[in-house]
Every structure is written in C-alpha cells, then in structure tokens.
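These notes concern the structure reproduced below.
The values are calculated or read from the model by the stated rules, or taken from the named source; none is laboratory data. This is a predicted model, so every value here is computed, not measured. So basically every Cβ, Gly included, is an ideal-geometry build from the backbone, and we count neighbours across all protein chains shown.
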Amino acid sequence: MLVDCGDGISRAILHQNISFNSIDCILISHLHADHYAGLPSLLTQMKLIGRNKVLSVFVHSSEKDFIEDFILHSYLFKERMSFELKVIPFNDEREIKVNENFNFIARLNSHLDKYKKYDTENKLGFASLSFLFKDDENSFIYSGDIGNEKDLYLFNQKVDWFITETTHIKVENLTDIFKKLKPGKLILTHIGEDFEKRLDQYLASLPEHQKSHIILAIDGLKLNRY
Ligand SMILES: [Zn+2]
C-alpha cells in the first residue's frame, strides 16, 4: 500500500528502485497537493510500463467524486488503461479490510478545519485522516498531517510504530506520546529546522534506551518487522 501520492511520487519511486508493480493500492490521507497531486502521473507511469494487475485507490467517500474527476480530467480513461483501476470510497470510523490479513481504520483529524470558513459555497469535503493499520503481526498509527497535538491521540492505544509529522506539534509532546501510547518506535517526518534544533537538545536529555525508540524519517527509510 502506498500511503499518499504527492507531486513527485513517480520520480521518488524510481529513485528508490521500487517496482511500480509492487504497489497494490494507494490510500489518500487528504487533498493537499503534496499528498495526492502526483496521482495522474503515477497512473500514467504504471500504464507506460504495461502494468496489468488491479490497482485500488482508497479515498474518503467525501472526496471520491473529485478523485474520479481528477483522473478523468487528466484524460486517463479506465477503458484505455492496461490495468483495472478501482477507486474505492471508504468512511471514517469503519474497519476497512484491504486483504486477508491487513486492515485499517481512518479517523478524521483537525488538519483542514482552519479552511472551513473560506468554503462559502460548501464545495469541499475537509476530510483529513489519521490511520490505524494492522496486519497479523504489527500495528501502526500514521497521524497524517494533523491540526494540533490533540490529533496525536485519536487512536488511544499502544502500537508497534507511531508515525507523525512534526510541524503541528512541539518537541515536548514527544514525552506525552511515549507516556500515553507507549509505541515501540516513534517515527518523525516533516522535520523543520526549528524542531530539529530543539529535538537535538531533547534527545540529548533522554537516557540511551529511550533515544533508540525515536527514528527520524529519511527518504528510503526501511523498517523491519518486529
Ligand atoms: Zn496537509
């Protein structure tokens, strides 16, 4: 499963030597361009390599029509694709079974709330999602882009991995995450300069065994199963 497909995703996949055919499905967390705008070029790329296995695109039910239009307006016609393209709508708060042993639940967070006042024509869905994923062995939470630190606790449970962005939280919140959720590993993404500086000080104050629970995401980072 590819979670989000922002601008530049095709190039990033090529750069990481990941086979386009290894992607069975795409899950979109919200409609900021850096999370979905690479979809048409990715589909084009998959067509060019002659992909022939089904590709499912999971999208929140409120954004399904837009994503279908986005694909259509990119002149990508399902009939002309070399593979079957399924756009699958899902609702938040419902367990979605991706396959026999892999499922996820999506929960709405507050990331897009600040824009609601601008949508005077009521055209937008404002679905921004955090996810809890589970397979037969591991569980992980991906916060997605969030609005504030409260969104960190939408799923109040212990998981193997907790992945969150850091532009909407403070370094001090990391201590709370460990206290409340006790994740096996905490993986931080979207790290800005200010956060990184304060993170260095924070890490220096932690005992060695706790430090090893925090991972700063880099391009191409691979995580092994527990
Ligand atoms: Zn965003």
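Close contacts from the range 21-39, counting a first residue that is among the hydroxyl-bearing types (Ser, Thr, Tyr) and a second that is within 10 Å of the ligand (Cβ to nearest atom) and modelled with pLDDT of 95 or more, with Cβ to Cβ under 8 Å and a gap of 6+ residues or different chains, come to SER29/ASP4; SER29/HIS35; SER29/SER128; SER29/GLY144; SER29/ASP145; TYR36/ASP4; TYR36/GLY6; TYR36/HIS30. Only a single item in (1) exposed (fewer than 15 other Cβ atoms within 10 Å of the Cβ); (2) in contact (Cβ under 8 Å) with a residue 40 or more places away in the chain; (3) touching a Gly at 6+ places or on another chain (Cβ under 7 Å); (4) not basic (Lys, Arg) is not met by THR167, and it is number (2). The range 17-119 holds strands (runs of 3 or more DSSP E) entirely within its bounds, and those carrying 3 or more residues that are more than 16 Å from the ligand (Cβ to nearest atom) and under 20 Å from LEU132 (Cα atoms) map to 55-60, 85-90, 95-99, 102-108. Among residues that are more than 16 Å from the ligand (Cβ to nearest atom), in contact (Cβ under 8 Å) with a residue 40 or more places away in the chain and assigned to a loop (DSSP other than H, G, I, E, B), PHE126 is not included.
Scan ASN148, ASN224, ASN138 and give me the residue that is touching a residue at least 60 places away in the same chain (Cβ under 8 Å) and at negative phi.
Numbers: ASN148 fails: touching a residue at least 60 places away in the same chain (Cβ under 8 Å); ASN224 fails: touching a residue at least 60 places away in the same chain (Cβ under 8 Å).
Result: ASN138 is the single residue among ASN148, ASN224, ASN138 that is touching a residue at least 60 places away in the same chain (Cβ under 8 Å) and at negative phi.
Note on the range 197-218: residues that are in a loop (DSSP other than H, G, I, E, B) and either of a type in the set (Ser, Thr, Tyr) or modelled with pLDDT of 90 or more (or both) amount to 4.
State yes or no: is ASP194 assigned to a helix (DSSP H, G or I) and more than 16 Å from THR164 (Cα to Cα)? Steps first, please.
Details: assigned to a helix (DSSP H, G or I): yes; more than 16 Å from THR164 (Cα to Cα): yes.
Yes, satisfied.
Just one of (1) surrounded by 15 or more Cβ atoms within 10 Å (Cβ to Cβ); (2) more than 16 Å from the ligand (Cβ to nearest atom); (3) part of a loop (DSSP other than H, G, I, E, B) fails for ASN156. It is (1).
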